[in-house]
Every structure is written in structure tokens, then in C-alpha cells.
1. Which length gain, in nm to one decimal place, applies between GLN88 and ARG64 when the Cα-Cα distance is subtracted from 0.36 nm times their residue separation?
2. Computed over the Cα atoms, what is the radius of gyration of segment 40-115 divided by 2.2 N^0.38 Å, N being its residue count?
3. Dipole magnitude of segment 40-115 about its Cα centre, charges +1 at Lys/Arg Cβ and -1 at Asp/Glu Cβ only, in debye to the nearest 20?
4. Near the amide H of GLN88, under 5 Å away, which other amide H atoms are found, from residues 5 or more places off or on another chain, if H is placed in the peptide plane?
Amino acid sequence: MDDLSTDNVLAAPKWRTLWPVRMQGLVAAIAVCASLAGCASGSDVASTNQPGVYTVAASATGGRMAWARAHEHAINEARDYCEQRGMQSSVTTETVSGVQMMEAHASSVSFECHPKF
């Protein structure tokens, strides 16, 4: 007999009884991968007490590369801020926090905008 047949009229086909179990495993695997991928979020760019110096912060969770996503998000925000003003960004300092795998990782970047050459 093939997998689509039934042993008696009242029993469900084998593929129908296995479907929910297989789907639960697939859904669980997708959820785990999504939680490890994580995402980054950031603050708005703010001016500091030093003229021409700005700061922006970003954080990310999920997985070993969360610090890289936080760093990239903060750097991109700084670059975008300066480019909107026709300038280029120059990072002066960066502070990072969070080193454990499942904790929030953060990056705070201070930067200046300089004319493009």
C-alpha cells in the first residue's frame, strides 16, 4: 500500500496524521532562526555639548553577531545624518556594551560632519 491509502475506512491517511507534527517542527525551527537573527534599533541623532559633535546609539539582540548589527546601525545613522546635509561623517569615539550571547549589545557613536572633498 502507498502512504495515501488507509488501513480501514475510519482511519485518517498517514500523511494527514504526520502533517501537524512536521508542521510544528518546521514552525519551531523557523521561530528559533528568527530569534537568533534579531534586529537592531537606534536612537535619533542628538547634538552634544561640544559644537559640531553629535551622538547616536543603537542596540541589537539575538546571537553572537548582535554587536556587529548594533555597530553597523549606529554607523549608518551617523553617515545618513551627515549625507542629508551634504557632508561626510567622521566617527570620533564609539562605546560598546554587551558581550554575552543572549543579552542586548549596544553601540554609542560620537561623530562630526565634515565637508566632502
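1. Value of the extension gain: 5.6 nm.
2. 1.10
3. The calculation lands at about 100 debye.
4. HIS114, LYS116
A short reminder: the numbers here are calculations on the coordinates, not readings from a lab. It should be emphasised that the depicted structure is a prediction, and the values quoted were computed from it without experimental measurement. Backbone-built Cβ (ideal geometry, glycine too); neighbour counts: all protein chains shown.
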